[in-house]
Amino acid sequence: MIATLSTSMILAAAIVAQHPSGSPHSATSGMSAEEVARHEARHLKDIRQVTSGFGRAGEGYFSPDGRSIIFQAVPNVPPSIFHRPRPDEDGYQIFLGPLAEDASARMVSTGQGRCTCPYFHPSGKSILFASTHLNPSTEAEPSKGPAYSRTSRYRWEFPDSMDIFAADLDGKNLVRLTDAPGYDAEGSYSADGSKIIFTSFRDGDGEIYIMDADGKNPRRITHAKGYDGGPFFSPDGKRIIYRSDRKGNDLLQVYINNTEGTAERALTKNEFVNWGPYWHPDGRHIIYATSRHGHSNYELYLMDVDTAAEERITYHEGFDGLPVFTPDGKRLMWTSSGRTSDRKSQLFLAEFTMEPAAAPARAASR
């Protein structure tokens, strides 16, 4: 995954291979494991690794009842001799499984091409994801170019053959929802399931669009130059959040807007990479990842979008990103590489409380 990535939602695998460059020294450096645990315990309890048995896994989302997850993962290659890699063998596929001890996760994508951005329909009866399986090999496919490329090894691309599909929970009855020229991905549903918000290059630039759940009536929301991506509706469907690199400075900022695109406001304005924002069910808070503690040490922050007040949530060395809440807001799941023994990304889960526990005896630098 150190090579060119197929889509913007799989940045984590590249991040962990980089050393800090032009970034502040990690505030976590020098802290003992006990200190890290004490700080994280203010909001997180019972942190557990969720996925195992994959080369990499991440970007997971909860089912509406919170009992299952859907996520992207790279299957491990079976032991063999003189293995000849298949096209897209190192690409992500989509998996779904129950949150239960030793439960199996089944592949619900086609096993062809590269996949990203899975999501449950609010009914819990179908799923959404993006895939290049109609044009499986992306190895030499023309791309619009990386939206983020701090180094030649740290980048992602936007395959023209990436489109959005809906399917049953088992991956059957696959329906293509986008067929415009260029990359279409990073989709998610509105709370009532009637709309999908997504990113598309159909007009030559990475912009946010909203379409009906059946793929009809797409309309463009953002219009400024630069990539806008990773959008999500607020729980009440009135606001959206997303990330953007529109300043062209290899950085990403988090934005909030209305669904007409007429009330855009930057929630972060700094010299770091801020991305992967996700709504808390209260519709007032978001959680997102930031590089403010080092380019190889992304951490999660909770923000009040109305007051801009924020608080650091994770303190562990390595990458912590792509956070999501359960529909009731009582659990948090995210992608982490620093917490695994082999430093490869997997999903982690914790009990979450909005009201922090008592502050640690010695406060860590923010």
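A few remarks follow.
- For GluC sites (Glu not before Pro), the sites in the stretch 54-130 that DSSP calls loop and that have at most 13 other Cβ atoms within 10 Å are 89, 101.
- Extension gain, residue 219 back to residue 37 (0.36 nm per residue minus Cα-Cα distance, nm): 61.0 nm
- Using the Cβ-Cβ distance between residue 81 and residue 125 with R0 set to 41 Å, the FRET efficiency from 1/(1 + (r/R0)^6) comes to roughly 0.40.
- Site pair residue 135 and residue 355 shows an inter-label distance of 5.4 nm when each label is modelled 7 Å from Cα along Cα→Cβ.
- All-pairs Cα distance distribution in the stretch 59-100, expressed in whole percent, bin size 10 Å: 25, 38, 23, 12, 2
- Over all pairs of different C-alpha atoms, the stretch 216-366 has a mean inverse distance whose reciprocal, the Kirkwood radius, equals 16.3 Å.
- Amide H contacts under 5 Å for residue 267, placed H, 5+ residues apart: 254, 255, 256
- Protection proxy ranking of 127-136, 231-240 - average other beta-carbon atoms within 10 Å, highest first: 127-136, 231-240
- Cross-link check: pairs 195/225; 238/330; 45/344 evaluated at a Cα-Cα cut-off of 31 Å; no pair lies beyond the cut-off.
- Ignoring lysines fewer than eight residues from residue 172 along the same chain, the ones with Cα atoms less than 18 angstrom from its Cα are 125.
- For residue 51, distant residues with modelled amide H under 5 Å away: 347
- Put simply, the amide H of residue 177, placed in the peptide plane, has neighbours under 5 Å in 164, 165, 166, leaving out anything fewer than 5 places away on its chain.
- Per-residue 3J(HN,Hα) values for the stretch 54-61, derived from phi via the Karplus relation 6.51 cos²θ - 1.76 cosθ + 1.60 with θ = phi - 60°, read 10, x, 7, 8, x, 6, x, 9 Hz in sequence order (x marks Gly and Pro).
- Between residue 100 and residue 203, the contour length at 0.36 nm per residue exceeds the Cα-Cα span by 32.8 nm.
- The phi torsions of the stretch 294-305, fed into the Karplus equation with coefficients 6.51, -1.76 and 1.60 and a -60° offset, translate into couplings of x, 5, 10, 9, 5, 10, 8, 10, 9, 10, 8, 6 Hz, rounded to whole numbers, with Gly and Pro shown as x.
- Ordered from longest to shortest, the equivalent ellipsoid semi-axes for the stretch 168-238 are 20, 16, 10 Å, each the square root of 5 times a Cα gyration tensor eigenvalue.
- Coordinate range along principal axes, alpha carbons of the stretch 239-308, Å, largest first: 33, 26, 17
- ³J(HN,Hα), Karplus 6.51/-1.76/1.60, whole Hz, each residue of the stretch 212-220, x for Gly, Pro: 5, 4, 8, x, 8, 6, x, 9, 7
- Segment residue 45-residue 263, length gained on full extension (0.36 nm per residue, minus Cα span): 74.8 nm
- For the stretch 25-106, the calculated P(r) over all alpha carbon pairs, in 5 Å bins from 0 to the bin holding the longest distance, is 3, 11, 16, 16, 13, 15, 13, 8, 5, 1 percent.
Bear in mind that the values in this text are calculations on the coordinates, not laboratory data. In this text, all values refer to a predicted model and were calculated from it rather than measured experimentally. Virtual Cβ from ideal backbone geometry, glycine too; neighbours counted across all protein chains shown.
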